[in-house]
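Chemist: Structure provided below as structure tokens; questions to follow.
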Amino acid sequence: MRPALRGLGLAGAATLLAAVVTAVVLVGFSLVTFPAYGNSNVLRALTVVGQTAALVLVVVGILAARAGERPGGRAGLVRLGKLAAPTGSALLVAATLGIPLAASRLYLHGVSVDQEFRTQFLSRSTTSPGLPDMAYADLPSFYPSGWFWLGGRFANLAGLEGWAAFKPWSILSLAVAAALVTVLWTRLLRTDLGAVVGLVSTAMMLTYGSPEPYGAVVALFIPPVLILAWHAVHPTADRPAGDAPGPVQRPSGIAATVATMVFLGASASMYTLYTALAAGTVVLMAVIATLLALRGRTDYPAWLPAARLAVIGVGSLAIALLVWAPYLLASLGGAPADSGTALHYLPDSGARLPLPMTAGGLTGLVCLAGLIWIVVRARSSRRAQALGLGVAAVYLWCLASMAVTVLGTTMLGFRLEPVLIGLLMVAGVFAIADVAGLLVRAAGRQNGSDRPAAEATGYRRRASAAVGVVAALAVLAQVQGIPDHLHEEIRLAYTDTDGAGERADRFPPGPESHYADVNAVIAEAFPGRDKTDLVVVSTADAFLAYNPYLAYQAVTSHYANPLGRYADRNAAMIAWEEATSGEELHALMTGTDWRGPDVILARPTGDGYSLRLAEDTYPNDPNVRRFSVTIPAEAVSGPHFEVHDVGPFAVIVVR
């Protein structure tokens, strides 16, 4: 119990320090006016300074922990090291994302493509402590709300609109996750190795997963959780110390079982794909553990893996129901639903197996080393076994995803590449640590025999220092290249027009600069009614991302709530083209099973008002086809409609 409490205390302190570090970076850099990242190298230079400071903090933590863990060392140094390392990982996140984006109020990718619906979801999550759907009225959320619900509470606490909270909440949540995963690694491994693994994991998450922050948070924990899960379903036995007589004690792994259960439950509340992969890997582990037990190669009974798998499954489902229960109850209650098209996406990368170990560069080399280490150590290392099963599960999932295309769907296998890279990079660190250990031990020997003790110690220390310097330079080389890898994502944060109607690169803003005037028209038309009580038809880019109105139609069917009946709504809007009078159009709008629109935000055309819709075109790539629907001008005449011209938009108020 006492170690568990110490671990929780360390996690709480690391979370607090991560939040402080992130706040200092974000607030501090917001007080200075910087040029856009793509127009100047100032922010790039400051980013490297911040990344170097993060690396130095981790190194200080490692040195302090090593000094404290030596015979006669001070416990305070160990605690300092265990706090400095996760704080360094958090600072790496804050510096790598916060400084390049310092002159923009938008996060990576701006509000382009998928970031539009994510921003919309966070905006909607600020409006209620419940779990509202990101788009539709009177429906529980279908998309997992965990990260967005917490983001909504952050926005409320900080007094920010949803769109303005997206960047700081993304960076803060990633920084806290980086700190916590480093704490976990230092609990699973010796402190110095755990700190390095935590730092490298954080760097990989920033490189390959940060544009999707809620997914990156989950992916970051998968490697250590798989090690815990393997210990849960394939536990080692507590044996008497040394050669002392006595029976073998019952297998351990209860704490690992609880940790795995909590992770899967929490991750299911945030990102279902990664949760499904992790859960599938745990099932695979349990099957293998059961087979080993049946063959008499374990110290536990054959029923134990299945029993612990059941505990993990039931417990994680109970946790996940905190988020999923409203949607499941609505579905089971007989509400009509579409089949959903969330899995209808097969880009070029989804039609081939990911092979990061062949990509070259530092990442490719470390992944290759990790793969070799897994194969070589598979019989002797439980860590290698757990990570190897995770890698195998990723490839099985990718193959299954390609195979089920014959059934008209996919399993989005291409989205698992960040997890695969994370698993191989962690294994690569273990491989490098093993080789470094051999080099250090070899430094203490000469001509096949040990040097004198004092001389050997000196040589080993110098060898350790040399290995540490080379490793630190390699990590620095990797992390300072992360903004280059994210160049397009950073560019969009500066070129997209934000919710205040401004572009961070100081170029003329887009049509979004008129959204404030649109809001003023709507507020005047509906005095006393909140945005959260008005249904808006809008195909204007990002209008519903910047304003928490209820949406008449979701951005695309792939992220739409199946209970919202996306296809039926599209059909209803297409029928508006045939209306010849205000009475007929109003009847079409109100004669549906869902709430009709209060406002239509459209584009004036020569003969009416145009709206852009989308439809799923899978198996084509791109998988979305955009098309226009034009409401005839004569159909918005009469007492049911008021038309206001606002910049390039027509605001049609429906009475």
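The values are calculated or read from the model by the stated rules, or taken from the named source; none is laboratory data. Quick caveat, the model's predicted, so the values are computed rather than measured. So basically every Cβ, Gly included, is an ideal-geometry build from the backbone, and we count neighbours across all protein chains shown.
Chemist: Within the set of pairs 6+ apart or on separate chains, which have a first residue in the stretch 441-454 that is touching a residue at least 12 places away in the same chain (Cβ under 8 Å), a second that is of a type in the set (A, V, I, L, M), and C-beta atoms under 7 Å apart?
Modeler: Ala443/Ala463; Gly444/Ala456
Chemist: Follow-up question, since we're still on this one. Only one of these conditions is not met by Val536: (1) in contact with a helix residue (DSSP H, G or I) (Cβ under 8 Å, 6 or more places away or on another chain); (2) at pLDDT 95 or above; (3) part of a helix (DSSP H, G or I). Which number is it?
Modeler: Exception for Val536: condition (3).
Chemist: If you take just the strands (runs of 3 or more DSSP E) that sit entirely in the stretch 599-647, which of them hold at least 1 residues that are exposed (fewer than 13 other Cβ atoms within 10 Å of the Cβ)? Steps first, answer last, please.
Modeler: Values: elements: 599-604, 608-616, 624-632, 641-646.
Passing ranges, in order: 624-632, 641-646.
Chemist: If I filter the stretch 215-225 for residues that are aliphatic (A, V, I, L, M), closer than 16 Å to Ala384 by Cα and surrounded by 24 or more Cβ atoms within 10 Å (Cβ to Cβ), do I get at least one hit? Please lay out each step first, then the result.
Modeler: Within the stretch 215-225, the first condition is being aliphatic (A, V, I, L, M), and the residues that meet it are 216-220, 222, 225.
Adding the requirement that they be closer than 16 Å to Ala384 by Cα leaves 222, 225.
Within this subset, residues satisfying the condition of being surrounded by 24 or more Cβ atoms within 10 Å (Cβ to Cβ) are 222, 225.
Scanning the stretch 215-225, I find at least one residue that is aliphatic (A, V, I, L, M), closer than 16 Å to Ala384 by Cα and surrounded by 24 or more Cβ atoms within 10 Å (Cβ to Cβ), so the answer is yes.
Chemist: Read through the list (1) under 22 Å from Asn519 (Cα atoms); (2) part of a helix (DSSP H, G or I), then give the number of the only condition that His586 fails.
Modeler: (1)
Chemist: Continuing with this model, one more query. Go through the stretch 86-114 and give me each residue that's buried (at least 24 other Cβ atoms within 10 Å of the Cβ) and within 26 Å of Leu534 (Cβ to Cβ).
Modeler: Answer for the stretch 86-114, where residues must be buried (at least 24 other Cβ atoms within 10 Å of the Cβ) and within 26 Å of Leu534 (Cβ to Cβ): Leu106, Gly110, Val111.
Chemist: For Trp576, indicate whether it is assigned to a loop (DSSP other than H, G, I, E, B) and in contact (Cβ under 8 Å) with a residue 40 or more places away in the chain. If you could, list the steps in order and put the result at the bottom.
Modeler: Values: assigned to a loop (DSSP other than H, G, I, E, B): no; in contact (Cβ under 8 Å) with a residue 40 or more places away in the chain: yes.
So Trp576 does not fit the description; no.
Chemist: Of all the helices (runs of 4 or more DSSP H) wholly in the stretch 410-489, which have at least 2 residues that are out of contact with any Pro (no Cβ under 7 Å at 6 or more places or on another chain) and charged (D, E, K, R)? Step through it out loud before you land on a result.
Modeler: Numbers: elements: 417-443, 453-479, 482-485.
Hits in the stretch 410-489: 417-443, 453-479.
Chemist: Moving on. Surrounded by 24 or more Cβ atoms within 10 Å (Cβ to Cβ), more than 20 Å from Trp169 (Cα to Cα) and of a type in the set (Gly, Ala, Ser), is that true of Gly61? Outline the logic, then answer.
Modeler: Numbers: surrounded by 24 or more Cβ atoms within 10 Å (Cβ to Cβ): yes; more than 20 Å from Trp169 (Cα to Cα): yes; of a type in the set (Gly, Ala, Ser): yes.
For Gly61, the condition - surrounded by 24 or more Cβ atoms within 10 Å (Cβ to Cβ), more than 20 Å from Trp169 (Cα to Cα) and of a type in the set (Gly, Ala, Ser) - is met.
Chemist: Looking for whichever is of a type outside the set (Phe, Trp, Tyr), in a helix (DSSP H, G or I) and in contact with a Lys or Arg (Cβ under 9 Å, 6 or more places away or on another chain) here; the options are Gly28, Gly7, Gly12, Gly50. Which one fits?
Modeler: Gly7
Chemist: Does Val555 qualify as being surrounded by 19 or more Cβ atoms within 10 Å (Cβ to Cβ), part of a loop (DSSP other than H, G, I, E, B), of a type in the set (A, V, I, L, M) and within 30 Å of the chain's Cα centre (by Cα)?
Modeler: Details: surrounded by 19 or more Cβ atoms within 10 Å (Cβ to Cβ): yes; part of a loop (DSSP other than H, G, I, E, B): yes; of a type in the set (A, V, I, L, M): yes; within 30 Å of the chain's Cα centre (by Cα): yes.
In short, yes.
Chemist: For the stretch 324-365, enumerate the residues that are β-branched (Val, Ile, Thr), assigned to a helix (DSSP H, G or I) and surrounded by 14 or more Cβ atoms within 10 Å (Cβ to Cβ). It would help to see each step written out before you state the result.
Modeler: Let us first name the residues in the stretch 324-365 that are β-branched (Val, Ile, Thr), namely 341, 358, 363.
If we keep only those that are assigned to a helix (DSSP H, G or I) as well, we get 358, 363.
Thr363, the sole residue that qualifies.
Chemist: Determine, yes or no, whether Leu277 is closer than 19 Å to Pro224 by Cβ and under 25 Å from the mean Cα position of the chain (by Cα). Break it down stepwise before answering.
Modeler: On the way: closer than 19 Å to Pro224 by Cβ: yes; under 25 Å from the mean Cα position of the chain (by Cα): yes.
It is true that Leu277 is closer than 19 Å to Pro224 by Cβ and under 25 Å from the mean Cα position of the chain (by Cα).
Chemist: Determine whether the stretch 101-112 contains at least one residue that is in a helix (DSSP H, G or I) and not hydrophobic (A, V, I, L, M, F, W, C).
Modeler: Going through the stretch 101-112, the residues in a helix (DSSP H, G or I) turn out to be none.
For the stretch 101-112, residues in a helix (DSSP H, G or I) and not hydrophobic (A, V, I, L, M, F, W, C): absent.
Chemist: Also: For the stretch 598-655, name all the residues that are acidic (Asp, Glu) and more than 38 Å from the chain's Cα centre (by Cα).
Modeler: Asp607, Glu634, Glu642, Asp645
Chemist: Tell me the residue from Arg529, Arg503, Arg491, Arg415 that is among the charged types (D, E, K, R), touching a helix residue (DSSP H, G or I) at 6+ places or on another chain (Cβ under 8 Å) and either free of Cβ contacts under 8 Å to residues at least 40 places away in the same chain or farther than 30 Å from His109 by Cβ (or both), please. Give the steps one after another, and end with the answer.
Modeler: Values: Arg529 fails: touching a helix residue (DSSP H, G or I) at 6+ places or on another chain (Cβ under 8 Å); Arg491 fails: either free of Cβ contacts under 8 Å to residues at least 40 places away in the same chain or farther than 30 Å from His109 by Cβ (or both); Arg415 fails: either free of Cβ contacts under 8 Å to residues at least 40 places away in the same chain or farther than 30 Å from His109 by Cβ (or both).
Selected residue: Arg503, the only one of Arg529, Arg503, Arg491, Arg415 that is among the charged types (D, E, K, R), touching a helix residue (DSSP H, G or I) at 6+ places or on another chain (Cβ under 8 Å) and either free of Cβ contacts under 8 Å to residues at least 40 places away in the same chain or farther than 30 Å from His109 by Cβ (or both).
Chemist: Give me a count of the residues in the stretch 475-501 that are farther than 15 Å from Asp541 by Cα and touching a Ser or Thr at 6+ places or on another chain (Cβ under 9 Å). Quick ask: steps written out before the conclusion?
Modeler: Kept after step one, since they are farther than 15 Å from Asp541 by Cα, are these residues of the stretch 475-501: 475-491, 494.
Restricting the remaining residues to those that are touching a Ser or Thr at 6+ places or on another chain (Cβ under 9 Å) gives 476, 478-483, 485-486, 489-490, 494.
Qualifying residue count for the region: 12.
Chemist: Next question, about the same structure. If you take the residues of the stretch 118-138 that are closer than 22 Å to Arg569 by Cα and assigned to a loop (DSSP other than H, G, I, E, B), which of them is modelled with the lowest pLDDT? Lay out the reasoning, then the answer.
Modeler: Taking the stretch 118-138 first, the residues closer than 22 Å to Arg569 by Cα are 118, 120-121, 124, 132-138.
Now narrow it down to the ones that are assigned to a loop (DSSP other than H, G, I, E, B): 133-138.
Numbers: Asp133: 94, Met134: 94, Ala135: 94, Tyr136: 95, Ala137: 93, Asp138: 90.
Ranking the qualifying residues of the stretch 118-138, first place goes to Asp138.
Chemist: Right, here's the next one. Take the residues in the stretch 284-315 that are loosely packed, with under 15 Cβ neighbours inside 10 Å and β-branched (Val, Ile, Thr); name whichever of them is nearest to the chain's Cα centre (by Cα).
Modeler: Val314
Chemist: Out of Ala516, Ala504, Ala433, Ala471, report the one residue that is surrounded by fewer than 20 Cβ atoms within 10 Å (Cβ to Cβ), closer than 30 Å to Val537 by Cα and under 35 Å from the mean Cα position of the chain (by Cα). Can you show your working first?
Modeler: Numbers: Ala504 fails: surrounded by fewer than 20 Cβ atoms within 10 Å (Cβ to Cβ); Ala433 fails: closer than 30 Å to Val537 by Cα; Ala471 fails: closer than 30 Å to Val537 by Cα.
The unique qualifying residue is Ala516.
Chemist: Please specify each residue of the stretch 559-573 satisfying the condition of being assigned to a helix (DSSP H, G or I) and either farther than 21 Å from Pro326 by Cα or at pLDDT 90 or above (or both).
Modeler: First pass over the stretch 559-573, keeping only residues assigned to a helix (DSSP H, G or I): 559, 562-564, 566-573.
Pro562, Leu563, Gly564, Tyr566, Ala567, Asp568, Arg569, Asn570, Ala571, Ala572, Met573 - these are the residues of the stretch 559-573 that are assigned to a helix (DSSP H, G or I) and either farther than 21 Å from Pro326 by Cα or at pLDDT 90 or above (or both).
Chemist: Oh, and also: Starting from residues that are under 25 Å from Ala471 (Cα atoms) and of a type outside the set (Val, Ile, Thr), keep the ones in the stretch 387-416 and report whichever is surrounded by the most Cβ atoms within 10 Å (Cβ to Cβ).
Modeler: Residues of the stretch 387-416 that are under 25 Å from Ala471 (Cα atoms), as a first pass: 387-388, 391.
Within this subset, residues satisfying the condition of being of a type outside the set (Val, Ile, Thr) are 387-388.
Details: Leu387: 29, Gly388: 22.
Of everything passing the filter in the stretch 387-416, Leu387 is surrounded by the most Cβ atoms within 10 Å (Cβ to Cβ).
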